[in-house]
Amino acid sequence: MQWIIRFVIGGVIISFFATLGDVFKPKGFAGLFGAAPSVALATLGLTSISQGKEFAAVEAHSMVVGALAFVLYGIACVYLMGVRRLRASHAAIGALSVWGLSAWGLWALFLK
Amino acid sequence: MLIKFKAAALAQVKVHEYVTRFLLGGATCVATGLIAQKCGPVVGGLFLAFPAIFPASATLVEEHERQRKAKAGILFTVRGRLSAALDARGASMGALALLLFAVIVWKQLPSHNAGFVLAAATVAWAALAGTIWRVRRWHTRFWIRYRAPKPR
């Protein structure tokens, strides 16, 4: 049951922020909502109830590293779409490797 | 340029696109929870800043721009990709603000009410993201006005 609630709340919060990105102009401002803390909001609240606030705080500590990796991911996307002119789907999915490698590298450096 | 709210843009998004976002969002949250349960909170926490919805959003931005140009009779254009790149630039700025969100939750959650901390961190995220975006625009205007090479 916990997982169904997590799925529904996550879906609603992430859809909400994505919709905010649709309705605001200019595009650069709307893009801010692409990095809204939607997954964190959906997850941390439920985690602090089910596994305690200390557990959720440790997750938030790691999230700092994940957010740094997201910054690098965004820069890679700008380069691939804006400079190399790749299709958005190819660039955004391909650049997930940048997120993964950065997150892993930063985790190994600071959190391991 | 002023920030505008265009409710009409909601009508451009198709039902299957809303469903895709909902399913992707739900699946990401469940996956994050499962990773935290199996590998511990340190590894699970990394995925709280996973760009879950961005690939779908960027694809939509490109697709909508391409369709708009096609209606105007322009079949081959890179405007869609450039719009998606602008979206990605905004996401990078939002991700910088996400750092503040994570630090607030990390430091304040153990000693305060979870709902209050998450709400305060979200407000701080929105304020910092908006400020970074605004400063970036001022910087660009300043550069164009005073630093850009003048035509001879």
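Given the condition within 24 Å of residue B:122 (Cα to Cα), of a type in the set (D, E, K, R) and free of Cβ contacts under 8 Å to residues at least 40 places away in the same chain, answer yes or no: does some residue in the range A:70-89 qualify? Within the range A:70-89, none of the residues are within 24 Å of residue B:122 (Cα to Cα), of a type in the set (D, E, K, R) and free of Cβ contacts under 8 Å to residues at least 40 places away in the same chain. None of B:85, B:97, B:72 is more than 7 Å from chain A (Cβ to nearest Cβ), within 21 Å of residue A:26 (Cβ to Cβ), among the small types (Gly, Ala, Ser) and crowded, with 16+ Cβ neighbours inside 10 Å except B:97.
Only one of the listed residues (B:135, B:123, B:103) is surrounded by 16 or more Cβ atoms within 10 Å (Cβ to Cβ) and among the hydrophobic types (A, V, I, L, M, F, W, C). That residue is B:103.
Residue count for the range B:108-126, restricted to those that are of a type outside the set (Gly, Ala, Ser) and facing chain A (nearest Cβ under 8 Å): 5. Within the set A:31, A:66, the sole residue that is surrounded by 19 or more Cβ atoms within 10 Å (Cβ to Cβ), over 20 Å from residue B:103 (Cβ atoms), within 14 Å of the chain's Cα centre (by Cα) and not basic (Lys, Arg) turns out to be A:31. Only a single criterion out of (1) more than 7 Å from chain A (Cβ to nearest Cβ); (2) at pLDDT below 85 is not satisfied by residue B:52, namely (1). When the range A:1-58 is filtered for residues that are closer than 19 Å to residue B:105 by Cβ and among the charged types (D, E, K, R), the ones remaining, listed by number, are A:6, A:53, A:54.
Mind checking which residues of the range A:14-41 are farther than 21 Å from residue B:96 by Cβ and of a type outside the set (Lys, Arg)? Across the range A:14-41, the qualifying residues are A:15, A:16, A:19, A:22, A:23. Of all residues in the range A:38-54, those satisfying the criterion of being more than 7 Å from every other protein chain (Cβ to nearest Cβ) and hydrophobic (A, V, I, L, M, F, W, C) are A:46, A:49. For residue B:19, indicate whether it is within 7 Å of chain A (Cβ to nearest Cβ), part of a helix (DSSP H, G or I) and surrounded by fewer than 18 Cβ atoms within 10 Å (Cβ to Cβ). No, not satisfied.
The values are calculated or read from the model by the stated rules, or taken from the named source; none is laboratory data. Source: prediction; values computed, not measured. We place every Cβ from the backbone using ideal geometry, glycine too, and count neighbours over all the protein chains shown.
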